[in-house]
Each structure stands twice: as structure tokens, then as C-alpha cells.
1. Residue under question is residue 9, and the condition is that it be modelled with pLDDT of 90 or more, of a type outside the set (D, E, K, R) and over 15 Å from the mean Cα position of the chain (by Cα); does it hold?
2. Would you pick out the residues in region 1-48 that are assigned to a loop (DSSP other than H, G, I, E, B), of a type in the set (A, V, I, L, M, F, W, C) and free of Cβ contacts under 8 Å to residues at least 60 places away in the same chain?
3. Please state which of the following conditions residue 72 fails to meet, knowing it meets all the rest: (1) part of a helix (DSSP H, G or I); (2) surrounded by 11 or more Cβ atoms within 10 Å (Cβ to Cβ).
4. Within region 49-69, how many residues are touching a residue at least 24 places away in the same chain (Cβ under 8 Å) and under 13 Å from the mean Cα position of the chain (by Cα)?
5. Output yes when any residue across region 80-99 is farther than 19 Å from residue 4 by Cβ, modelled with pLDDT of 95 or more and either touching a His at 6+ places or on another chain (Cβ under 7 Å) or not in a strand (DSSP E or B) (or both), and no when none is.
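The values are calculated or read from the model by the stated rules, or taken from the named source; none is laboratory data. It should be emphasised that the depicted structure is a prediction, and the values quoted were computed from it without experimental measurement. For neighbour counting, all protein chains shown are included, and Cβ atoms are generated from backbone atoms with ideal geometry for every residue, glycine included.
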Amino acid sequence: MAELKTKLNDGSVEDFLNAVEDKQKRADSFTLLKMMGEISGEPAKMWGKDIVGFGTYHYVYASGREGDWMLSGFSPRKASLSIYLMAGFDQLGEELSALGKHKSSKG
């Protein structure tokens with residue numbers, strides 16, 4: 001089995017966000033950092049080299065594969081901000097419609 005590339009690590013969240021080149025995306029990222037921290041009640045941690053995550057959970061698949069993953073997170077990608085919500089989007093229809101233009105997908 002291949003090992004996950006995106007893992008919890010000791011990288012600096014602030015250093016990562018301060019390195020975001022686009023000024024508006026950097027500002028939005030710091031807003032998300034504050035909001036997601038307050039909502040989750042969890043400290044922000046780096047996952048891989050470019051995802052800021054909050055909280056963790058342990059999963060086990062029927063195949064026996066298991067690991068740890070964030071409960072929520074975000075990444076200031078080059079094209080757009082990506083927000084990760086492990087609980088899914090089904091119950092968030094009203095909130096998502098208030099965001100304006102966006103895309104959602106499942107992984």
C-alpha cells in the first residue's frame with residue numbers, strides 16, 4: 001500500500017500563510033485561520049506542505065488500511081482557496097448558497 005503524502009507535521013502555519021504571494025488570498029487565508037480555529041476549537045496545524053488543518057480523527061477502511069486525517073482545513077491554492085470539511089456538504093446548502101460562486105466535490 002502506498003503511504004499518504006499529506007501528513008500532520010510541525011511546519012509553521014503562520015510562515016506558510018505569510019508566504020502566500022497573492023495579497024488578497026493571504027488576507028483571506030488569515031481570516032479563514034481565525035474563523036476555522038474559533039469554530040473548531042482546535043489549533044491550526046500543517047498537513048503536508050500546503051494544507052492548514054484543524055482537529056484529527058482516526059479512520060479504518062474495510063480493507064484494513066487506516067490513518068489519521070484532519071476534521072477540517074483549507075489551502076490557498078494558486079487558482080482558488082480550497083476548504084476541506086470531512087463531515088461533507090449535504091447539510092450546508094443554505095450556507096453554501098451564501099458564498100456566491102464556488103464549486104464543491106467529494107473525495
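1. On the way: modelled with pLDDT of 90 or more: yes; of a type outside the set (D, E, K, R): yes; over 15 Å from the mean Cα position of the chain (by Cα): no.
So residue 9 does not fit the description; no.
2. Step one: list which residues in region 1-48 are assigned to a loop (DSSP other than H, G, I, E, B), which gives 1-7, 10-12, 19-22, 41-43, 48.
Then drop every residue that is not of a type in the set (A, V, I, L, M, F, W, C), which leaves 1-2, 4, 19-20.
Across region 1-48, the qualifying residues are 2, 19, 20.
3. Of the numbered conditions (1) part of a helix (DSSP H, G or I); (2) surrounded by 11 or more Cβ atoms within 10 Å (Cβ to Cβ), the odd one out for residue 72 is (1).
4. First pass over region 49-69, keeping only residues touching a residue at least 24 places away in the same chain (Cβ under 8 Å): 49-53, 56-57, 65, 67-68.
Within this subset, residues satisfying the condition of being under 13 Å from the mean Cα position of the chain (by Cα) are 49-53, 56.
Residues in region 49-69 being touching a residue at least 24 places away in the same chain (Cβ under 8 Å) and under 13 Å from the mean Cα position of the chain (by Cα): 6 in total.
5. Checked region 80-99: no residue is farther than 19 Å from residue 4 by Cβ, modelled with pLDDT of 95 or more and either touching a His at 6+ places or on another chain (Cβ under 7 Å) or not in a strand (DSSP E or B) (or both).
Matching residues to (1) in contact with a strand residue (DSSP E or B) (Cβ under 6 Å, 6 or more places away or on another chain); (2) surrounded by fewer than 11 Cβ atoms within 10 Å (Cβ to Cβ):
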residue: 6; (1), (2): yes, no
residue: 32; (1), (2): yes, no
residue: 40; (1), (2): yes, no
residue: 44; (1), (2): yes, no
residue: 48; (1), (2): no, no
residue: 55; (1), (2): yes, no
residue: 63; (1), (2): no, yes
residue: 66; (1), (2): yes, yes
residue: 80; (1), (2): no, no
